[in-house]
Structure formats: structure tokens, C-alpha cells
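Data first, discussion second: the structure below is written as C-alpha cells.
The values are calculated or read from the model by the stated rules, or taken from the named source; none is laboratory data. Because the structure is predicted, anything quoted here is derived from the model rather than measured. All Cβ positions, glycine included, derive from the backbone under ideal geometry; neighbour counts span all protein chains shown.
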Amino acid sequence: MPPALEPLAALSLLLLLAVALLLFAPLLGLAVPVWVLAVLLALRLVVQVLRARRDTRLRRPASWLLDAALIVLLLLTLRQGGAA
């Protein structure tokens, strides 16, 4: 029997699944606000940091930096779109 998935790992996977589905939504003609993607990525980043506090093998600063860069880019896009 495989080991049970810890709750924070399951939450991280669910957030990632939600982001993936929302990225495909425009292909179906559905408009997704950019801030929703930024919030979901920020929540996932928080979950990753919390998981890393419990298990040092999960410390991946490069991954955290990439997530933070994506969040900043999404927020900049939101800011530029609102100024127009």
C-alpha cells in the first residue's frame, strides 16, 4: 500500500491543478482574472515554504524564486492592464 499523501502536499497539488485548469480556460472562451492566478500561485508558494520547514529535503529556493517571479509578472500585467 502506498504511503498516504500529507495534507500540505495534497493542497499544493490541488492548487497547481487549479492553476493549470485556469490557464486552459481562455482556450474555451472563458475569461480568467489575472489576480486569481497570482493569488493561487502565492498560496502555493506559502504551502511550499511551510512544507520545507517540516522537511529540509523540500527546500528548493530556485523553485520559490521562479514562483515569486511569475507572481510579480502577473501583478505587473494586472497593473499595466488597469492603467490603460
Inset, instruction - Give region 32-55 a look and list any residue that's closer than 11 Å to ALA18 by Cα and among the charged types (D, E, K, R), or say none. - result: ARG44
Legend entry - Close pairs from region 5-26: first farther than 19 Å from ALA38 by Cβ, partner among the hydrophobic types (A, V, I, L, M, F, W, C) and surrounded by 15 or more Cβ atoms within 10 Å (Cβ to Cβ), Cβ under 6 Å, at least 6 apart: LEU8/VAL47
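Per-residue answers, yes or no, for (1) modelled with pLDDT under 95; (2) buried (at least 17 other Cβ atoms within 10 Å of the Cβ); (3) of a type outside the set (Ser, Thr, Tyr):
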residue	(1), (2), (3)
MET1	yes, no, yes
GLU6	yes, no, yes
ALA10	yes, no, yes
LEU23	yes, no, yes
TRP35	yes, no, yes
LEU43	no, no, yes
GLN48	yes, yes, yes
ASP55	yes, no, yes
Legend entry - Per-region count, region 57-84, residues surrounded by 11 or more Cβ atoms within 10 Å (Cβ to Cβ) and in a loop (DSSP other than H, G, I, E, B): 2
